[in-house]
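Taking it in order: structure first as structure tokens, then the write-up.
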Amino acid sequence: MRINTDIVKSHRFGNVCRFRFRIPCVFGLFTLLSLVSKAEAADFFLHDGDRVVFLGDSITEQRMYSNFIEAYALTRHPQWQLTFRNAGWAGDTAFFRSRCHPDGSHVVGVEEQAQAPMIDKMIRRSLGRDVLALKPTVVTIDFGMNDVGVSPTADAYNAYVRCLTRMVTVLQENGARSVLLTPQPVENKRPDPELDEKNLALRQFSDGLKEVAAKTGVPYVDQFDPYLKILRRERVGNPDKFIGGGRDSVHPGAIGHTLMAWTILKGLGATPLVSRAQLDYQSKTAVAAESCKIEQLKITDGGLAFDRLDEALPMPIHPNAEPALKLAPLMEDLNQYGLQITGLPPGDYPLSIDGVLVVTMTAAEWAKGCNLASSAGPITQQGLELLKEIGGKNDLYFKRWRNVQFAQKNEWVPAPDVETRRAAELARLDQQIAASEAKINQLRKPRPHRFELTTHLP
């Protein structure tokens, strides 16, 4: 199997770079995927019409795992009306240290009866301003890294559990569905990450979060264990490497955030099927077409050609996150864009999509089928353009929320007409965000493509 590597853009989505993606043969996967019906979309925690807010600390503020989850939902359900906002704040805790600026010692070490009204006040104030003002139907909550702190204590644990419990109940009172996410483990440079003191504490806090979920009746997603298992495996003989590609042991890069998105999406009931098509060369028919239409099928002595219109797009994978595909079965679990062609005479058969060569496989390999999700030429490129636009939109919202609404580091703040100027700037950014979301809604729509399989290179 030979793959054309000139089909994926760099992390700036500009100059072409040469990432070599694995296009797996899927063997019996087509049979399995035939069992994945459209009804399973109802099992996905997100629904048509949802307004989703990602709430958390600096890891959420990085706007990566949230962007990847948004990209999955928008590409897998292009007809749904969905809105996403990121409300992550660096340094934040479950008692909203970064938003309310309370003295942690005056919150964490307080007796429960006196602590309860303090927690309620901070939760209501911060949620009201940063989350409930957006009228969310879904809020994902990811705290714990800063709650654990340098030296975790029983008081810190109790405050964490009580704050998360109150946070969920306030959201429920306001009609929002919550999802509790554990933090991921830290990646300190050692061969035994499971014995790291902070990871031991994070595991304890994560278990407490599970109890909160059971008590309040909301979903719980454990990111900690899947990520830790990967760390344990990859640390063997390589204890100094940040597996998640981040700048430090706490903040993952695109690799780690992709692993986080993979775990979260699975926990929310996301399904693997994008679409699949099976054609037979000998009978000159489309044997199966699920979540796609096959038209203008033409069989020749040299191969075949057809038009394909899918109901969804593959989930885009950021080029910087490509190593994550070797760390976890993300493509198998979330991103199956299948093509199988049986009955071909022996030989090598290159596939082009809209004239772009994407892969060359043997007749035997085509008979087994393959997953083209990350190597489908113009289809992959459309997804990457969408992911770039999602990132730009969320950067605009961050600027609106943090740098204008709160007037941080703006040169016009001291001006006497500050409120007039603030209102004008908010209106201008709202227009830009709306324009970006309109572009996103266009980019997420599948387009028809011409597939051509020949016995010679074009």
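The values are calculated or read from the model by the stated rules, or taken from the named source; none is laboratory data. The model shown is predicted, which means the values in this text are computed figures rather than measured ones. FYI the Cβ positions are ideal-geometry reconstructions off the backbone, even for glycines, and counts take in every protein chain you see.
Does S105 satisfy the criteria of being farther than 17 Å from L181 by Cα and either of a type in the set (S, T, N, Q) or modelled with pLDDT of 95 or more (or both)? So S105 passes the test.
Can you find a residue in region 125-133 that is without any contact (Cβ under 8 Å) to a residue 40 or more places away in the chain, outside any strand (DSSP E or B) and of a type in the set (S, T, Y)? Yes: region 125-133 contains one or more residues that are without any contact (Cβ under 8 Å) to a residue 40 or more places away in the chain, outside any strand (DSSP E or B) and of a type in the set (S, T, Y). A count restricted to region 298-322 and to residues that are surrounded by 15 or more Cβ atoms within 10 Å (Cβ to Cβ) and either modelled with pLDDT of 95 or more or in the same structural domain as G253 (by TED's automatic domain parsing) (or both) stands at 17. Does region 42-55 contain any residue that is surrounded by fewer than 16 Cβ atoms within 10 Å (Cβ to Cβ) and at pLDDT below 95? Within region 42-55 (the criterion being surrounded by fewer than 16 Cβ atoms within 10 Å (Cβ to Cβ) and at pLDDT below 95), the answer is yes, since at least one residue qualifies.
Across region 98-114, the number of residues qualifying as farther than 19 Å from Q405 by Cα, assigned to a helix (DSSP H, G or I) and out of contact with any Phe, Trp or Tyr (no Cβ under 9 Å at 6 or more places or on another chain) comes to 5.
Inside region 94-153, residues that are in contact with a helix residue (DSSP H, G or I) (Cβ under 8 Å, 6 or more places away or on another chain), surrounded by fewer than 23 Cβ atoms within 10 Å (Cβ to Cβ) and of a type in the set (D, E) make up a count of 3.
Within the span defined as region 410-432, every residue fails to be touching a residue at least 24 places away in the same chain (Cβ under 8 Å) and within 24 Å of A261 (Cα to Cα). Please determine whether any residue of region 142-151 is in contact with a strand residue (DSSP E or B) (Cβ under 7 Å, 6 or more places away or on another chain) and on the phi > 0 side of the Ramachandran plot. Within region 142-151, none of the residues are in contact with a strand residue (DSSP E or B) (Cβ under 7 Å, 6 or more places away or on another chain) and on the phi > 0 side of the Ramachandran plot. Among the conditions (1) under 23 Å from T300 (Cα atoms); (2) part of a loop (DSSP other than H, G, I, E, B); (3) among the hydrophobic types (A, V, I, L, M, F, W, C), L339 misses just one, which is (2).
Could you tell me which residue of region 401-442 is modelled with the lowest pLDDT, considering only residues that are over 30 Å from P78 (Cα atoms) and buried (at least 17 other Cβ atoms within 10 Å of the Cβ)? Selected residue: R422. Summed over region 357-400, residues that are surrounded by fewer than 22 Cβ atoms within 10 Å (Cβ to Cβ), farther than 24 Å from R428 by Cβ and touching a helix residue (DSSP H, G or I) at 6+ places or on another chain (Cβ under 7 Å) total 2.
The residue list F96, F84 contains one member that is closer than 19 Å to F205 by Cα and within 29 Å of the chain's Cα centre (by Cα), which is F96. If only residues of region 170-187 that are over 13 Å from G144 (Cβ atoms) and buried (at least 17 other Cβ atoms within 10 Å of the Cβ) are counted, the one that is farthest from the chain's Cα centre (by Cα) is V170. Residues in region 56-66 that are farther than 17 Å from T93 by Cβ and surrounded by 24 or more Cβ atoms within 10 Å (Cβ to Cβ): M64, Y65, S66. Going through region 296-309 one residue at a time, which ones are under 33 Å from the mean Cα position of the chain (by Cα) and either over 28 Å from H47 (Cα atoms) or outside any strand (DSSP E or B) (or both)? Within region 296-309, F306, D307 qualify.
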